[in-house]
1. Given the criterion in a strand (DSSP E or B) and either of a type in the set (Val, Ile, Thr) or at positive phi (or both), identify the matching residue among Ile88, Ile69.
2. Among the residues of segment 19-41, which ones are surrounded by fewer than 16 Cβ atoms within 10 Å (Cβ to Cβ) and modelled with pLDDT under 95?
3. Please tell me if Val98 is surrounded by 17 or more Cβ atoms within 10 Å (Cβ to Cβ), assigned to a strand (DSSP E or B), of a type in the set (Val, Ile, Thr) and modelled with pLDDT of 90 or more.
4. What number of residues within segment 1-45 satisfy the criterion of being under 18 Å from Ser82 (Cα atoms) and in a strand (DSSP E or B)?
Amino acid sequence: MTDVSKLLNEKVIEFNSKIKDDTGMAKMIEGKTRTICICVLDGDNYVSKLENLKLGDFERTDDTNSDLIVTASSEILEALISKTMSPIKAFMKANLKVKAGLMDMLLLKKLF
């Protein structure tokens with residue numbers, strides 16, 4: 001099984017770098033505070049918080065009550081993170097479940 005937490009935290013570094021370099025993206029998330037939970041069907045759940053234009057590291061959690069909830073297997077998450085599978089394809093095949101509002105879906109797109 002893939003170390004999903006390591007992959008997620010690599011994405012955190014990439015995401016925070018984008019925020020610093022892309023003023024448009026920074027404006028899109030300015031003033032937003034969101035919690036993001038990644039529920040790994042064959043593993044643990046991980047949560048991160050977006051606050052003050054910065055996404056925190058993902059940490060293991062048992063609490064899945066978040067603003068954005070993404071549920072998938074570790075295999076699907078790895079494919080999404082490595083961009084070998086599109087989120088739309090995973091969603092249409094019922095391999096990916098997302099619970100979020102429309103604006104939060106756009107935020108997720110920037111993360112993955």
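The values are calculated or read from the model by the stated rules, or taken from the named source; none is laboratory data. As the structure is a prediction and not an experimental result, all values here were calculated from the model. Every residue, glycine as well, gets a Cβ built from its backbone with ideal geometry; the counts of neighbours run over all protein chains shown.
1. Ile69
2. Within segment 19-41, Lys20, Asp21, Asp22, Thr23, Gly24, Ala26, Lys27, Met28, Glu30, Gly31, Lys32, Thr33 qualify.
3. Here the answer is no, as Val98 does not meet what is asked.
4. Summing the residues that are under 18 Å from Ser82 (Cα atoms) and in a strand (DSSP E or B) in segment 1-45 gives 3.
The rows are residues; the columns are (1) aromatic (Phe, Trp, Tyr); (2) surrounded by fewer than 17 Cβ atoms within 10 Å (Cβ to Cβ); (3) within 14 Å of the chain's Cα centre (by Cα); (4) at pLDDT below 90.
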| position | (1), (2), (3), (4) |
| --- | --- |
| Arg60 | no, yes, yes, no |
| Asn65 | no, yes, no, no |
| Glu75 | no, yes, no, no |
| Ser82 | no, yes, yes, yes |
| Leu106 | no, yes, yes, yes |
| Leu111 | no, no, yes, yes |
